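> Sharing a structure, written as structure tokens. Questions coming.
Nothing in this text is a laboratory measurement; each read-out follows from the coordinates by a stated rule. Quick caveat: nothing in here was measured; it's all calculated off a predicted structure. Note that each Cβ is placed from the backbone with ideal geometry, even for glycine, and that neighbours are counted across all protein chains shown.
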Amino acid sequence: MSEIFTPEDLQTVTRVMRKRRTFKVMGDVDTPVQIDAATAEKNRAILLESVKSADSAPFHYDRQCENVPQPWRVDILWHDSCQKVASNFYRWFDDVKPGNKLPSMLSACGACVLVSWLPQFPNSASQDEGESILPKTKQIQIDQEHLAAASAYVQNLMLLLTAANMGTYWSSGGQFRTREMMDRLSMAAPRQLLAAVFVEFPESNASDVQRVPGKLAQARANPDRWLNIVQL
Ligand SMILES: Cc1cc2nc3c(=O)[nH]c(=O)nc-3n(C[C@H](O)[C@H](O)[C@H](O)COP(=O)(O)O)c2cc1C
């Protein structure tokens, strides 16, 4: 393979990867973070480009859904839509406890990127082989690899956004995972939410937001605890 990249390129990629860290940014639903039109436009263009570039993630199986081989789908809510979800949240979900973090995060972010994966085999974890001619173990493997590929997509995206000096937080999504929310956002089945990525734009210097790091950020064990060089 010919040399395309310099050692500095490798250093840059490593630096971006190490710099990526979760920050949950929470604001106030009644006084959401304001983003001016020029800032919004500039960052939306960068984010859209990143969403497209992240598509270089590897994928093992052709998902064959709507003639699209990739097993991921992406839905973007810009900050005005995020704030609409935040202000309607307790009306749409009257069974949710007060203090739920989603409305405050939606009030503070520049965008929320919803990444879904597309399971191919219904109930692939059950014993029933369903209508597929494939054995259950193969069905499970294919679905696991669709999910793994979509995860690679999410990490690609977060690294690109980190390199653009944007803050990111991979959330499981809470109510975004529900069919009710997906219907409201016109997210058709068989999407299954994998990540609600909350994005903070670099210019956001709102002082009245709270920034909380990921709870496992400091919990990593050293590589010698999980790395094994196989000697034969
Ligand atoms: C699949 C996945 C789902 C996650 N969902 C949540 C979540 O719902 N709530 C949360 O606080 N953090 C969530 N996180 C972020 C982790 O808390 C965070 O990555 C971890 O604490 C390590 O911190 P770091 O990202 O700064 O390295 C999720 C991460 C992954 C990979």
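> Among DSSP bridges having both ends in the chain, what percentage is antiparallel? Round to the nearest 5.
Roughly 95 percent of the DSSP beta bridges within the chain come out antiparallel.
> A further question follows. DSSP loop GluC sites (Glu not before Pro) in segment 108-209 with at most 12 other Cβ atoms within 10 Å of their Cβ, which ones?
GLU131
> Read phi for every residue in segment 154-163 and hand back ³J(HN,Hα) as whole Hz from Karplus 6.51 cos²θ - 1.76 cosθ + 1.60, θ = phi - 60°, with x for Gly and Pro.
Values, residue by residue: 4, 5, 3, 4, 5, 5, 5, 5, 4, 5 Hz.
> Now a separate question. Segment 132-196: which trypsin sites (Lys or Arg not before Pro) are DSSP loop and have at most 11 other beta-carbon atoms within 10 angstrom?
Numbers: sites: LYS136, LYS138, ARG177, ARG179, ARG184, ARG191; in loops: ARG191.
Answer by residue number: there is no such site.
> Would you mind counting up the charge near ARG63? Only other residues with Cβ under 13 Å from its Cβ, with Lys and Arg at +1 and Asp and Glu at -1.
Numbers: positive: ARG73, ARG191; negative: ASP62, GLU66, ASP143, GLU145.
Overall, the nearby charge balance is -2.
> Right, something else. Based on other C-beta atoms within 10 Å, arrange MET26, MET158, MET17 from fewest to most.
Values: MET26 19, MET158 26, MET17 13.
The most exposed by this proxy come first: MET17, MET26, MET158.
> Another question, if that's okay. Which shape class applies to segment 179-229: rounded if a/c is under 1.5, otherwise prolate when a/b exceeds b/c and oblate if not, where a ≥ b ≥ c are the square roots of the Cα gyration tensor eigenvalues? The partial results should precede the final answer.
Details: a/c = 3.30, a/b = 1.31, b/c = 2.52.
Note, shape of segment 179-229 comes out oblate.
> Turning to a different aspect of this structure: Starting from the Cα gyration tensor of segment 1-87, take the square roots of the eigenvalues, sort them a ≥ b ≥ c, and report rounded, prolate or oblate (rounded when a/c is under 1.5, otherwise prolate if a/b is larger than b/c, else oblate).
Note, shape of segment 1-87 comes out oblate.
> Return the inverse of the average 1/r over all pairs of distinct C-alpha atoms in segment 17-225, which is the Kirkwood hydrodynamic radius, in Å to one decimal. Walk me through the numbers before you get to the answer.
Working: mean 1/r = 0.0545 Å⁻¹.
For segment 17-225, the Kirkwood estimate is 18.3 Å.
> Something else about it: Show the residues, 5+ positions off or on another chain, whose built amide H is closer than 5 Å to the amide H of ALA195.
When sequence neighbours closer than 5 places are left aside, the close amide H contacts are VAL115.
> Something else about it: Between GLU203 and VAL29, what FRET efficiency follows from the Cβ-Cβ distance if R0 is 22 Å, with the result rounded to 0.05?
That pair, GLU203 with VAL29, gives E of 0.55.
> Tell me the chymotrypsin sites (Phe, Trp or Tyr not before Pro) within segment 136-232 that lie in a loop according to DSSP and have at most 10 other beta-carbon atoms within 10 Å.
Passing both the DSSP loop test and the Cβ count: TRP226.
> Continuing with this model, one more query. Given Cβ point charges of +1 (Lys, Arg) and -1 (Asp, Glu) and nothing else, what value in debye, to the nearest 20, does the dipole of the chain about its Cα centre take?
Roughly 640 debye, rounded to the nearest 20.
> Measuring from centroid to centroid over Cα atoms, what is the spacing of segment 1-74 and segment 159-213 in Å?
Measuring centre to centre over Cα atoms gives 12 Å.
> Separate question: Using the charge dipole of the chain (Lys, Arg: +1 at Cβ; Asp, Glu: -1 at Cβ; taken about the Cα centre), state which of HIS146, VAL230, ALA206 has its Cα farthest towards the positive end.
Of HIS146, VAL230, ALA206, it is VAL230.
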